[in-house]
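**Q** What follows is a structure written as structure tokens; I'll ask about it next.
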Amino acid sequence: MVGKNITQKILEAHDVSGKKAEEYNPGDPIFVNVDECITQDATGTMAWLEFEAIDIPEVKVPLAVSYIDHNTLQTDFRNPDDHQFLRTIAAKKGAILSRPGNGILHQVNLENFASPGMIFLGSDSHTPTGGGVGSMAIGVGGLVIATTMAGEPFELKYPKVVKVNLVGELRKPWVSAMDVILELLRRLGVKGGLKRVFEYHGPGVKTLTVPERATITNMGAELGATTSLFGSDEVTLHFLQAQDRAGDYKELQADPDAEYDEVIEIDLSTLEPMVALPHSPGNVVKIRDLVEKKPVEELIKDLPENVHDHIREHVGRLYERDLRIDQSSVGSCTNASFLALATTASILEGQTVAPHVSMTISPGSKNVLAQIAEEGLLNNIINAGARVLEATCGPCIGMGQCPPTEAVSVRTFNRNFFGRSGEKSAGSYLLSAPSAALFAVRGKIVDPLAETEIKPKVFDEPEKFVTEKNMFIYPPEVSQRAGINVVKGPNIKDCPVNEPIPTQITGPVLLKTGNDITTDDIMMAGAKVLPLRSNIPAIAQFVFNPVDGTFVKRAEEMNPDHNRRVFFVIGGDNYGQGSSREHAAIAPMWLGLAGVVAKTIARIHRDNLIQWGMLPLEFAEPADYDKIDQGDDLEINGLGEMQAGTTALTLVNKTKFQEYTVNLTISGHEVEMLKAGGALPQIRKKIVDQ
Ligand code: MIC
Ligand code: SF4
């Protein structure tokens, strides 16, 4: 018998049906038990409302942690009302609450709960951060979290397993873990990881600390991957010991004769500092190419056509201004660990941020902040004039630090989607913390490897991290929970539900989009919108706002009563890439979306559509995409006959008198879900039937 890779070992150990790894085939649905569920406030208010709507007394997973980290601005009552709701419902239902200020969920969960061999789910696409410590950590929509916390096993489609073989050693500190994942994005692009898990192996692995591994698995989300993970080794043990969690260590390695569907090799010693150009994390080039002002046409020649114009505009502007930057932000769940901030601090030591640059630092957790303070590094940051923000997502999700008009903003984050920073005319460039710190001082993009004056330190992982746990609120004893009153402010509205699916749906194409439409395009974030995450009718006013300012008006004109399933959206490749936010499904559902017909649909968004009773349809012939225009009237029949596997359905274009074949690929469980109108009516019925 052939040996097993890590993915197979973890899945097999959690498979509720007792299936063995050798029986798994790519695409097959498998059902697993889950060790932990994590939520964050921006998706969590809805997830917890859904859990409440399921109406069971307690969470049924071993561990549930509700984090407050995305929106903590409290600019009016709505945000603190959400926090009160999250605090009281966690106490009532038996979850731990991580208070605002404790840190970003992925960093805090890595420090406190993630361990080798676990499966955990998070209502956030960067949940794979846990893969740094050997967990299989998967980002899902809020309703998947709610039903899992209600005791349902988690369904995933068995992915292809890619072995990433790391050889050599990074030229630290100027070349860092961020450059490893940027290199992978350069090679594979934002669709390269669809339906895949990335496992990191090879002699280079032991040269990376757990937080560095976590940077890589975190941003693996941008490949479209199901998840990414490392095995566990003495480096993992060291990290857990330093977090006072040696007891959570267990050895987890692939068998030497394990098989993989694909193999990729990266020689760490040849990597250079990289950067992702606006507006996609897949637009990766070497920083040196920008410094040498390589012609834009050469930079874009290997990148997909739909990003060319953006790069021409933004890099053209960058060259004209001689590589001058306006902003530098270090932080986010990708690059805000102790090591990332310690290196940043050593670059800023004795320097001043250039006069025209606004620099911010957002620590990944309160304990990271406490540690850089304890080790005397925080002063370097403060004295250099960088502004220390809260230990939250902050500018990464457009909460503050909006760039000026037409600005160049360098950010250590994982996403630079159009408009995400809060300013559509600005361009965000994604890069490592050392590069961001150096550019802040120099005021422009320079080649870090050619730097001779500033000599950053290479830090070892500390023997002991700050491990203060006082910002967790643990739920009271079960016997005391009944008396807890769940507090809901006036902005918190019940979640709408869909209706059982009919056998036929007709409706116009209300919008036709191009490739790589992101969930930020469908449902933007930022300070104006995040306070509305618990109020679907209000947040629905922003659907497709960045790409089509009249979409909502058209939807409301044709569907003033908010009937379900009255229009379609046509998408290109990788429709719905990016975040797990189910608001990108629920709010269009509220406006009347019946389904999306696209060339391909990104995993989490596809699942969210089904969870909320909408159709994720893919063209059998991608060229049919070109035959449909916005405004065409469509009809789809035969929905009564949908089956597990791929059902070929006929989509009639009544305007053009044409027919196309579209595929609905779903599991048996999802057939039932769609028929019921989504996961909520389905689970409610199941509970009533029991
Ligand atoms: C993101 O990075 O896009 C977010 C904000 O963390 C989202 C979740 C959300 O929209 O609340 C994600 O990654 O899933
Ligand atoms: Fe928060 Fe940004 Fe990470 Fe999303 S990507 S969890 S917004 S820090």
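Just so it is clear, none of the values below were taken in a lab; they were calculated from the coordinates. Note that this is a predicted model, so its numbers are computed, not measured. Cβ atoms come from the backbone with ideal geometry, glycine included; neighbour counts cover every protein chain shown.
**Q** Could you tell me which residue out of A13, F85, L49 lies farthest along the dipole of region 1-85 toward its positive end? Charges go on the beta carbon: Lys and Arg +1, Asp and Glu -1, centred on the Cα centre.
**A** A13
**Q** Also: Could you work out how much longer the chain between K685 and N25 gets when fully extended? Use 0.36 nm per residue separation minus the Cα distance between them, nm to one decimal.
**A** Here the answer is 234.5 nm.
**Q** Right, something else. Would you kindly derive the ³J(HN,Hα) couplings of region 385-399 from the backbone phi angles with the Karplus curve 6.51 cos²θ - 1.76 cosθ + 1.60 (θ = phi - 60°), listing them in order in whole Hz, with x for Gly and Pro?
**A** Values per residue, Gly and Pro as x: x, 6, 9, 8, 9, 5, 7, 9, 5, x, x, 4, 10, x, 9 Hz.
**Q** Taking the Cα atoms of the chain, report the difference between the largest and smallest coordinate on each principal axis, in whole Å and largest first.
**A** 69, 61, 60
**Q** Suppose every K and R has +1 on its Cβ and every D and E has -1 on its Cβ; what is the size of the dipole of the chain about the Cα centre, in Debye to the nearest 20?
**A** Charge dipole, the chain, about its Cα centre: 1100 debye, nearest 20.
**Q** OK, next. Which one, T147, L223, Y200, is farthest towards the positive end of the dipole of the chain when Lys and Arg carry +1 and Asp and Glu -1 on their Cβ?
**A** The residue sitting farthest along the positive end of the dipole is T147.
**Q** Next question, about the same structure. To test your reading of the geometry: what angle, between 0 and 90 degrees and rounded to tens, separates the Cα axis of helix 679-689 from the longest principal axis of the chain?
**A** Helix 679-689 sits at roughly 60 degrees to that axis.
**Q** Taking the Cα atoms of region 1-62 alone, what are Rg (to one decimal) and Dmax (as a whole number) in Å?
**A** 15.9, 47
**Q** Sticking with this one: Can you pull the one-decimal nm distance between simple spin-label points at T665 and N485, each 7 Å off the Cα toward Cβ?
**A** 5.2
**Q** About the Cα centre of region 1-125, what is the dipole size in debye to 20, counting +1 per Lys and Arg Cβ and -1 per Asp and Glu Cβ, all else neutral?
**A** In debye, rounded to 20, region 1-125 gives about 260.
**Q** Could you work out the mean projected area of the convex hull around the alpha carbons of region 91-173, in square nanometres to one decimal?
**A** 8.0
**Q** Based solely on C-alpha atoms, express the radius of gyration and the Dmax of region 479-638 in angstrom.
**A** Values for region 479-638 (Cα only, Rg and Dmax): 16.5, 62 Å.
**Q** Continuing with the same structure: To the nearest 10 degrees, how steeply does helix 308-320 sit against the main Cα axis of the chain, on a 0 to 90 scale?
**A** With rounding to tens, the tilt is 20 degrees.
**Q** What's the long-distance tail for region 3-141, i.e. % of Cα pairs beyond 28 Å?
**A** 23
**Q** Compute the helix-to-body angle for 338-348: its Cα long axis versus the longest principal axis of the chain, expressed 0 to 90° and rounded to tens.
**A** Rounded to the nearest ten degrees, it is 50.
**Q** Checking a compactness column here: for region 407-547, what do you get for Rg(Cα) / (2.2 N^0.38 Å), N being the number of residues?
**A** 1.64
**Q** In region 41-121, which chymotrypsin sites (Phe, Trp or Tyr not before Pro) are in a loop and have at most 14 other Cβ atoms within 10 Å, using DSSP for the loop call?
**A** F77
**Q** May I pose another question? Restricting to DSSP H runs of at least four residues, report the calculated mean residue ellipticity at 222 nm for the chain, -39500 (n - 2.57) per run over all residues, nearest 500 deg cm²/dmol.
**A** Dividing the helical sum by the residues of the chain leaves -8500 deg cm²/dmol.
**Q** Would you please give the FRET efficiency between A648 and E265, computed as 1/(1 + (r/R0)^6) with r the Cβ-Cβ distance and R0 = 60 Å, to the nearest 0.05?
**A** Taking R0 as 60 Å, the efficiency between A648 and E265 is 0.95.
**Q** Now for a different question. Could you count how many Lys pairs in region 444-564 have their Cα atoms under 21 Å apart, skipping same-chain pairs fewer than 8 positions apart?
**A** Close lysine pairs found across region 444-564: 5.
**Q** What does the charge dipole of region 392-459 about its Cα centre add up to, to the nearest 20 debye, if the Cβ of each Lys and Arg holds +1 and the Cβ of each Asp and Glu holds -1?
**A** About 160 debye.
**Q** Okay, moving on. With Kirkwood's inverse mean 1/r over C-alpha pairs for Rh, give me the Rg to Rh ratio of region 636-686, two decimals please.
**A** 1.10
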